[in-house]
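S.K.: The structure follows.
The values are calculated or read from the model by the stated rules, or taken from the named source; none is laboratory data. What you see is a predicted model; the values in this text were computed from it and never measured. Glycine gets a Cβ as well: all are built from the backbone with ideal geometry, and neighbour counts include every protein chain shown. Protein only, heavy atoms only, side chains kept; ligands, DNA and RNA dropped before computing areas. Shrake-Rupley method; radii C 1.70, N 1.55, O 1.52, S 1.80 Å.
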Amino acid sequence: AGELNDRQRKMIDEAEKSCARLVTLIAEMSDVAKLDSGVIALARQPVDIFALVSDVAEHVQEARDREVRLEVRGEDGAAHVNGDATRLRAAFDAVFRAVLREKGGPCVVVAERRRETQNGKGAAVVVVSDAATVQAAYERDRGVFDEKRGGMGLALPLARRVIEGHGGRIAAPAPVPGGDAAPTHDP
């Protein structure tokens, strides 16, 4: 019955945002269920996981307002895996955002790329930790990753399933004195 006033427009905008969040949550629930049941087949194309990690890290804007930076360090060169680049990109994005969201103030979080041999096979390892604790995070026993961190919808459970679906592992060791625990990824 006429033009909307500012109050009505604001209510409609908020309802639209809420609907968009619900649609995203439903899509994530569907993806988690499909991955768990094996309905979704992950693509198997050559992917340079180190380049993908660098690209994702470059575009993560989370926490810059708190002066929390994400830097990629470690080995250069390619680390090729056969995988689903789109889903791996989303998985790393979710993990990076989750780690950065937990940092309260100025600091540097490092995504360090490493190559190692596991069970006679080459493996690419990405360790995500505070700059001062990267080596300690790498050396510790890797525990279970808590995917139920708040505020991320189902992005972390989905990320874990995608990484594990590629034969990788995501883990977060218990915190060490003087440092935060952060997830590690073995794609």
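S.K.: Of all residues being over 22 Å from Asp130 (Cβ atoms) and assigned to a loop (DSSP other than H, G, I, E, B) in region 77-117, which is farthest from the chain's Cα centre (by Cα)? Just the residue, please.
M.R.: Checked region 77-117; the qualifying residue farthest from the chain's Cα centre (by Cα) is Gly77.
S.K.: State all residues of region 50-66 that are touching a residue at least 40 places away in the same chain (Cβ under 8 Å) and over 13 Å from the mean Cα position of the chain (by Cα); if no residue qualifies, say none.
M.R.: Phe50, Ala63, Arg66, listed by residue number.
S.K.: Of the residues in region 1-57, how many are touching a helix residue (DSSP H, G or I) at 6+ places or on another chain (Cβ under 9 Å) and on the phi > 0 side of the Ramachandran plot?
M.R.: Count: 0.
S.K.: Here is a check on your reading of the model: is Ala124 among the aliphatic types (A, V, I, L, M), within 23 Å of Arg161 (Cβ to Cβ) and open to solvent by 50 Å² or more (accessible area, probe 1.4 Å)?
M.R.: no
S.K.: I'm told His80 meets every condition in (1) of a type outside the set (D, E, K, R); (2) surrounded by 16 or more Cβ atoms within 10 Å (Cβ to Cβ); (3) without any contact (Cβ under 8 Å) to a residue 60 or more places away in the chain; (4) more than 13 Å from Arg161 (Cβ to Cβ) except one. Can you identify the failing condition by its number?
M.R.: Evaluating His80 over (1) of a type outside the set (D, E, K, R); (2) surrounded by 16 or more Cβ atoms within 10 Å (Cβ to Cβ); (3) without any contact (Cβ under 8 Å) to a residue 60 or more places away in the chain; (4) more than 13 Å from Arg161 (Cβ to Cβ) leaves (2) as the failure.
S.K.: Right, something else. For region 48-64, give me each residue that is outside any helix (DSSP H, G or I) and of a type in the set (Val, Ile, Thr).
M.R.: The answer is Val60, and nothing else.
S.K.: Then there's this: Does Glu147 meet the test of being crowded, with 19+ Cβ neighbours inside 10 Å, modelled with pLDDT of 80 or more and under 25 Å from Thr86 (Cα atoms)?
M.R.: For Glu147, the condition - crowded, with 19+ Cβ neighbours inside 10 Å, modelled with pLDDT of 80 or more and under 25 Å from Thr86 (Cα atoms) - is not met.
S.K.: From the residues in region 83-107 that are over 21 Å from Ala137 (Cβ atoms) and without any contact (Cβ under 8 Å) to a residue 60 or more places away in the chain, which one is surrounded by the fewest Cβ atoms within 10 Å (Cβ to Cβ)?
M.R.: So the residue we want is Thr86.
S.K.: I'm trying to understand the selection: among the residues of region 59-73, which are surrounded by 21 or more Cβ atoms within 10 Å (Cβ to Cβ) and under 18 Å from Ala132 (Cα atoms)? Walk me through it before giving the result.
M.R.: First, the residues of region 59-73 that are surrounded by 21 or more Cβ atoms within 10 Å (Cβ to Cβ): 63, 70.
Passing the criteria: only Leu70.
S.K.: Restricting to region 22-47, name every residue that is free of Cβ contacts under 8 Å to residues at least 60 places away in the same chain, open to solvent by 40 Å² or more (accessible area, probe 1.4 Å) and not in a loop (DSSP other than H, G, I, E, B).
M.R.: Narrowing region 22-47 to residues free of Cβ contacts under 8 Å to residues at least 60 places away in the same chain: 22-23, 26-27, 30, 33-34, 37-41, 43-47.
In the following step, the residues that additionally are open to solvent by 40 Å² or more (accessible area, probe 1.4 Å) were identified as 22-23, 26-27, 30, 33-34, 37-39, 41, 44-46.
Matches in region 22-47: Leu22, Val23, Ile26, Ala27, Ser30, Ala33, Lys34, Ser37, Gln45, Pro46.
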